[in-house]
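The values are calculated or read from the model by the stated rules, or taken from the named source; none is laboratory data. Because the structure is a prediction, the values reported are computed rather than measured. Heads up, the Cβs are rebuilt from the backbone with ideal geometry, glycines too, and the neighbour counts pull from every protein chain shown. Please note that ligands, DNA and RNA were not included when accessible areas were found on the heavy atoms of the full protein model with its side chains. Shrake-Rupley method; radii C 1.70, N 1.55, O 1.52, S 1.80 Å.
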Amino acid sequence: SFPPSSSRAPPAFLGFKPARLNAGRARARPSSVARRAARGPIVAVAVPSGKKTKEGPKRSKVEIIKENSDFLRHPLIAELATEASSISEDAAQLYKFHGGYQQDDREKRSFGAGKFYQFMMRTKQPAGTVPNKLYLVMDDLANTHGNGTLRLTTRQTYQLHGILKTDLKATFQAVIRNMGSTLGACGDINRNVMASPAPYAAAARPEYAIAQELAKDLGDLLAPQSGAYYDVWLDGEQLLTVEKPEVVECRNDNRFGTNFEGSPEPIYGTQFLPRKFKIGVTVPGDNHIDFLTNDIGICVVMKDGKHVGYNVYAGGGMGRSHRNNDTFPRMASPIGYVDKADIFYAVKAIACTQRDYGRRDDRKQSRLKYLIHSWGVEKFKSVTEQYMGKQFEPLADLPEFTVPTYHGWNDQGDGKMWYGVHVVNGRLRGDAKKALRAVIERYELPVRLTAQQDLLLTDIDPAWKADITTTLAAAGVVDASEIDPIDKLSMACPALPLCGLAITEAER
């Protein structure tokens, strides 16, 4: 159920039928949405058309956990303070929103002692950008609080494995206090926003800087607002965050019935999203991030060298459930073009459409791709346009796409260089981890994480090139010219012993 101050209303036509609550409550809305407003706020539950039961629409167990959590606080706060080595299923579901999973390392079990609980933490790094200070902190945490390795993910983030419950708060605090965040890295929420990570100078290739900046801004726009993250990990201490005024303005704009007025979560409400939500931003011709596999795919549009807007796509996702033919991978469908001033509103509108009409009774059917598959693109676009307050325009023409790896030495366009380091399966360990730490610390280098689980060392003075090359080669880091073509794009999930869903080996 929504907070009493909720003042949202659904579009007038549905392919999924949201159940309604307190339709007679007084509401004040702009005249542009008066017809929709008269229909009343909705419960965050959607069921397929034609399916009616005496009990009303079902909700999955996770929906109840979210509703009763006080915006992701309880019972997680209390259970982190206990001496037990694990947390309950309810708390583990909330922990996902804060940036991690509870896991069982079955290879460390003692006879008769049951599961060996440990925790994974995942960061959020919009566009894969990692400040020098944060890289060094993550490298340290891997040794002091993790299993000695760092995992680079296909969404341009870190995963730190092997954290014990007694070390969880200290680990999170170290990340938060050193320019990092984990909020929303997992859970039914907007995940890390990807972008083509090439660190070209804005003067040389402005579209890359535009895409990377948009990734950060969209991460800010769809970040949770209730303060629960700081209550859980910093005991309520709030850290200053800097957001663009236009991001804040869009988040708070309720002209078209998108928001829960008076709620600590103006976009998400008590229920957040039906399932995970992913966004990728790219530039013309560069599909390094495979942007059409996201719930929202965005491509920067340039005209005569100037940034004019964005092409928007929706409904991508590669997941499916084994032996369940009602689940399937799907590429994102073209939705339309928006001017650059409208991109925040377009993304918010798509997220709100998924929030209100995505399935909440069956988590295997709750991704945006299934809503678009059920409705069709035109109906989805029409409903989204009501939440946006304007129509999408036809897509702008784009060139053919390629898939660069960014390996090896490259010019940034500002007199500096970057070096793309191939990391096998994204697992940083051993001598290679030590050597990378050495050069990153020695030259105070910022880092980018790529969608192919590699590292880009950036802002390198050409005078440092020989030393960096020699140091990494001595640690066994293979130069770009020597990488086997099969290895170059190969990847594997962590699997056993780290993943609770795994049935066999993959990475090892």
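Quick notes on this one:
- Pairs from the table (169/276; 108/169; 61/488; 364/488; 115/369) lying more than 30 angstrom apart at Cα are 61/488; 364/488; 115/369.
- Carbon plus sulfur fraction of accessible area for the stretch 283-440, probe 1.4 Å, in percent: 48
- Alpha-carbon gyration tensor eigenvalues x 5, square-rooted, for the chain, Å: 37, 29, 21
- Element breakdown for the stretch 92-183 at a 1.4 angstrom probe: carbon and sulfur atoms account for 51% of the accessible area.
- Helix axis angle, 465-474 relative to the chain longest principal axis, alpha carbon, degrees: 90
- Computed over the stretch 304-415: relative contact order in percent, which uses C-alpha pairs under 8 Å that are six or more apart: 27
- Probing with 1.4 Å while keeping every protein chain in the model, the per residue accessible area of the chain equals 42 Å².
- Karplus 3J(HN,Hα) series, Hz, for the stretch 370-383 with 6.51 cos²θ - 1.76 cosθ + 1.60 (x for Gly, Pro): 6, 5, 5, 4, 6, 7, x, 5, 5, 5, 4, 5, 5, 5
- When 166, 282, 129, 144 are compared by accessible area at a 1.4 angstrom probe, the order from most to least is 166, 144, 129, 282.
- Three-way shape label, the stretch 396-477, alpha-carbon gyration tensor, a/c 1.5: oblate
- ³J(HN,Hα), Karplus 6.51/-1.76/1.60, whole Hz, each residue of the stretch 261-270, x for Gly, Pro: 5, x, 8, x, 10, x, 9, 8, x, 6
- Computed about its Cα centre, the charge dipole of the chain is approximately 2340 debye, with only Lys, Arg, Asp and Glu carrying charge at their Cβ.
- Pairwise centroid distance, computed over Cα atoms, of the stretch 443-508 with the stretch 89-165, Å: 19
- Residue ranges 349-358, 388-397 sort as 349-358, 388-397 when ordered by packing (mean number of other C-beta atoms within 10 Å per residue, highest first).
- The angle between the Cα long axis of helix 132-144 and the main principal axis of the chain comes to about 80°, on a 0 to 90 degree scale.
- Euclidean distance between Cα centres, the stretch 351-387 to the stretch 183-197, Å: 19
- Considering only 413, 449, 258, the residue lying farthest towards the positive end of the dipole of the chain is 258, judged by Cα position with unit charges set on Cβ.
- Cα centroid of the stretch 211-277 to Cα centroid of the stretch 288-328, whole Å: 22
- Contact order normalised by residue count of the chain, Cα under 8 Å, 6+ apart, percent: 16
- Helix 89-98 vs. the chain, principal-axis angle (Cα, 0 to 90°, nearest 10): 70
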